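Please read the structure below before turning to the comments.
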Amino acid sequence: MGSDGKPYYTWNDSQDMVRHFQKVTETAARYHIAINTHEPIKDTGLRRTYPNWVSREGQRGMEYNAWGNPPNPPEHEANLVFTRMLSGPMDFTPGVLSLQGNGKPIYSTKAKQLALYVVLYSPIHMAADLIENYEKEMPAFQFIKDVPTDWADTKMLSGEPGDYATLVRLDKNSRDWYLGAVTDEEARSLDIALDFLTPGKTYEAQIYRDGEDADYRTDARHSMQIEKRKVTSKDRLTLKLAPGGGQAIRFKAL
């Protein structure tokens, strides 16, 4: 409200909103309340002073696939890794396994939706689809149940801005590693060394990959294969990503 008691409008990044977010975060800190801001100002480093400001939006999130015109393109997430993600944790609201946004198809595959939990970091993650949609996708939903929200280590294995990105992250509370890989509209085959795994240890690779016919442009965007294999740090994997696709892997220490 303005000084005259009437409502007024301002930009999200205006000085008024900067003061507003500062006040909210300081007040929340006094009461030990965590903040995950939506429609925020950009991350400026204040979360080091106020660690209760744990995450925020601040990009074209998954919601733009419902009302964006145009919706997010297939290269969007591979761009965010090299741009928005550099400033701090990002609440993207991934995991829409129905691949529908307000009745419109999302430019993604099912495996890519799982990979986003690893590729895009936020210590507060959301399962953004409807419950009844997850009830139809329980094998894929297992990865969402397993994947942590915070990490002890992160390594980027490969990537090019706007083209593709492959990251692995180590769970803070176990010896398990998680891999996420995403691509743009191009299909890709990525050769990955598993030398980030602990030498001498055996892992079960729980792989969620694009099906052979997967393609973000067709109904085959739902095509996904789940498989398991034993691996060690001496092994290599070939990640085959469909157009608009991705791959998610849990390396469970045995």
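If you take every residue apart from Lys110 with its C-beta less than 13 Å away from the C-beta of Lys110, what net charge results, scoring Lys and Arg +1 and Asp and Glu -1?
Counting the neighbours of Lys110, the net charge comes to -2.
Could you tell me which of the pairs Lys112/Lys136; Lys155/Lys252; Lys112/Lys228 are separated by over 20 angstrom between their Cα atoms in the structure shown?
Beyond 20 Å: nothing from the list.
Treating each Cα of the stretch 1-112 as an identical point scatterer and ignoring solvent, apply the Debye formula and state log10 I(q)/I(0) at q = 0.14, 0.20 Å⁻¹.
So the normalised log intensities are -0.71, -1.09.
D for the stretch 125-168, whole µm²/s, Stokes-Einstein with Kirkwood Rh over alpha-carbon pairs at 37 °C and 0.692 mPa s: what number?
254 µm²/s
Which one, Ile131, Thr44, Pro71, is farthest towards the positive end of the dipole of the chain when Lys and Arg carry +1 and Asp and Glu -1 on their Cβ?
About the Cα centre, the residue reaching furthest to the positive side is Thr44.
What area, in nm² and to one decimal, does the C-alpha convex hull of the chain cast on average over all directions?
For the chain, averaging the hull's shadow over all directions gives 15.4 nm².
Would you kindly give the portion of the calculated P(r) for the stretch 134-218 that falls above 20 Å, as a percent of all Cα pairs?
45 percent
So if I place +1 on the C-beta of Lys and Arg and -1 on the C-beta of Asp and Glu, and nothing else carries charge, what would the dipole magnitude of the stretch 84-149 be about its Cα centre? I want it in debye, nearest 20.
Once rounded to the nearest 20, the dipole reads 240 debye.
Less than 12 Å Cβ to Cβ from Phe82, Lys/Arg counted +1 and Asp/Glu -1: what total charge do the surrounding residues give?
-3
Per residue, how big is the convex hull of the stretch 198-239 when only Cα atoms are used? Give it in Å³.
Convex hull volume per residue, Cα atoms: 67 Å³.
Running Debye on the stretch 69-112 with equal point scatterers at the Cα sites and no solvent, what base-10 log of I(q)/I(0) appears at q = 0.16, 0.18, 0.33 Å⁻¹?
Taken in order of the listed q values, log10 I(q)/I(0) reads -0.48, -0.61, -1.27.
When 1/r is averaged over all different Cα pairs and the result inverted, which Kirkwood radius in Å belongs to the stretch 102-152?
Mean inverse Cα-Cα distance, inverted, gives 12.1 Å.
Determine the calculated [θ] at 222 nm for the chain from helices alone, applying -39500 (n - 2.57) to every DSSP H run no shorter than 4 residues and normalising by the residue count; nearest 500 deg cm²/dmol.
Calculated at 222 nm, the ellipticity per residue is -5000 deg cm²/dmol.
Work through the residues other than Ile207 whose Cβ is under 9 Å from its Cβ and net out their charges, Lys, Arg +1 and Asp, Glu -1.
My count for the surroundings of Ile207 gives +3.
Every number here is computed from the coordinates shown, using simple stated rules; none is lab data. Computed from a prediction, not measured in an experiment: that's the story for all the values here. Cβ sites come from the backbone with ideal geometry, for glycine too, and all protein chains shown count toward neighbours.
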